[in-house]
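Here's the structure, in structure tokens; my notes come after.
The values are calculated or read from the model by the stated rules, or taken from the named source; none is laboratory data. Here the structure is a predicted model, which is why all the values come from computation and not from measurement. Cβ placement follows ideal geometry from the backbone for every residue including glycine, while neighbour counts extend to all protein chains displayed. Keep in mind that these areas ignore ligands, DNA and RNA; they rest on the heavy atoms of the full protein, side chains included. Shrake-Rupley method; radii C 1.70, N 1.55, O 1.52, S 1.80 Å.
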Amino acid sequence: MAMEPLAYRMRPRTLDEVIGQEHLVGKDKIIYRMVQAKKLSSMILYGPPGIGKTSIASAIAGSTEYAFRTLNAVTNNKKDMEIVAAEAKMSGTVILLLDEVHRLDKAKQDFLLPHLESGAIILIGATTSNPYIAINPAIRSRTQIFELKPLSIAEIELAIDRALSDTERGLGEYDVTLDEEARTHFATASNGDVRGALNALELAIVSSLPDESGSIHITIEVAEECLQRKSLAHDKDGDAHYDVLSAFQKSVRGSDVNAALHYMGRLIEAGDLVSITRRLLVMAYEDVGLASPQAGARTLAAVQTAEKVGFPEARIPLANAVIELCLSPKSNSAILAVDAALSDIRAGKSGEVPDHLRDGHYSGAKKLGRAIDYKYPHNYENAWVDQQYLPDSIKQQQYYEPKTNSKFEQALAEVYQNINRNKK
């Protein structure tokens, strides 16, 4: 057994081996095109830990056959960078993966800049922080910035299967029986972190004794121990996970604080921060919506705080958000309105944009009758004037039906009704 962790050994050697991040490395996508054209530029890859930043950097190096070096902006010093620069001078080009690039100090930055300008060093900076906030503008202006997304459950399962079958770098030398519940747990409880899933899988295998036939059996209990996260339920099809999420949202929608906290507690115990935060943001706008617009902004702040501090402290801002959403007035008028509009569009009920609303900022627009009779609302009292906005075929259609169980939407409803009364 090699000393390096499984996730390190299974790093892709070419872009074709990269799992996930199709929006960047898929056929005809930007990084794929850069490699194919042999026109690499320095870049910043950012996103949560364990989703493929280092993997993409090593795959780029493998696909281009450039020398590839890895440094850390905190632990490696300027002299280490000088060694990379010297190698670049001799070999022509070196790809430098610089982890925690947002922590780059001024001396290291000043040393790197001319080498980035000349193209001798192609920098691939990796960071979990928003580069538009955390990275010095001098570095940012010399790089392309690409956001990576957490891997899906299916993508992590693919990585697991690949590692189990790979006899060269993976775990193919072992005779392993991996229960489907355990496989699902490795993929779901890792929260999109493929590195964590693979390393937990390896720990499960190397720490388990084979049976009399030499086979190693990995159960859900073993998976839970190695990930240190409980499964939501020993459910073969993974339905329990979605049942808990469904119960969580329905409890918030039904204003039951205690039930909502209970179901969120299950998700916290499973370590599923991604599902919790996504569902909270959805509920803030789907179920509370216009009844309390400030709840959306406060929920976003709680989510960002939770993501910043991580578990176990993340439970605190999450609980704040859940309690507020439960006890806020509810309105689904916004989602009903946009879905009604989409329903008409998908049914072919759209029609031509009225001529007076069309773009008139081009030569010949007036000859075509574009924007001639448009009335500029700011020229009228209360910044409103009666004119048609919807196409002729649906000009009487109304999508928004306001709720009246909150002061904010009552105020919106009053304005809406006044406008409708004042129309001809």
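Considering region 68-184, the qualifying helices (runs of 4 or more DSSP H), each wholly inside and each with 2 or more residues that are open to solvent by less than 60 Å² (accessible area, probe 1.4 Å) and under 15 Å from LEU45 (Cβ atoms), run over 131-134.
Per this entry, ASN136 is counted among residues that are touching a Leu at 6+ places or on another chain (Cβ under 9 Å) and without any contact (Cβ under 8 Å) to a residue 60 or more places away in the chain. Applying a threshold of 8 Å to beta carbon distances and a minimum spacing of six or more residues, or different chains, the list of pairs starting in region 242-260 at a residue that is farther than 12 Å from VAL322 by Cα and ending at one that is open to solvent by less than 20 Å² (accessible area, probe 1.4 Å) and modelled with pLDDT under 95 reads VAL244/LEU267; LEU245/LEU267. ALA347 falls short on exactly one of the conditions (1) in contact (Cβ under 8 Å) with a residue 24 or more places away in the chain; (2) farther than 30 Å from SER251 by Cβ, and that condition is (1).
Within region 18-53, being open to solvent by 30 Å² or more (accessible area, probe 1.4 Å) and polar (S, T, N, Q) holds for GLN36, SER41.
Please determine, by comparing only the residues of region 345-389 that are touching a helix residue (DSSP H, G or I) at 6+ places or on another chain (Cβ under 7 Å) and farther than 26 Å from TYR416 by Cβ, which one is surrounded by the most Cβ atoms within 10 Å (Cβ to Cβ). Among residues in region 345-389 that are touching a helix residue (DSSP H, G or I) at 6+ places or on another chain (Cβ under 7 Å) and farther than 26 Å from TYR416 by Cβ, the one surrounded by the most Cβ atoms within 10 Å (Cβ to Cβ) is ARG370. The condition of being open to solvent by less than 60 Å² (accessible area, probe 1.4 Å), β-branched (Val, Ile, Thr) and without any contact (Cβ under 8 Å) to a residue 40 or more places away in the chain holds for THR64. Evaluate region 23-43: report whether one residue or more is part of a loop (DSSP other than H, G, I, E, B), at pLDDT 90 or above and closer than 19 Å to VAL194 by Cα. Among the residues of region 23-43, at least one is part of a loop (DSSP other than H, G, I, E, B), at pLDDT 90 or above and closer than 19 Å to VAL194 by Cα, which makes the answer yes. Residue count for region 1-32 under the criterion of being without any contact (Cβ under 8 Å) to a residue 40 or more places away in the chain and basic (Lys, Arg): the result is 2.
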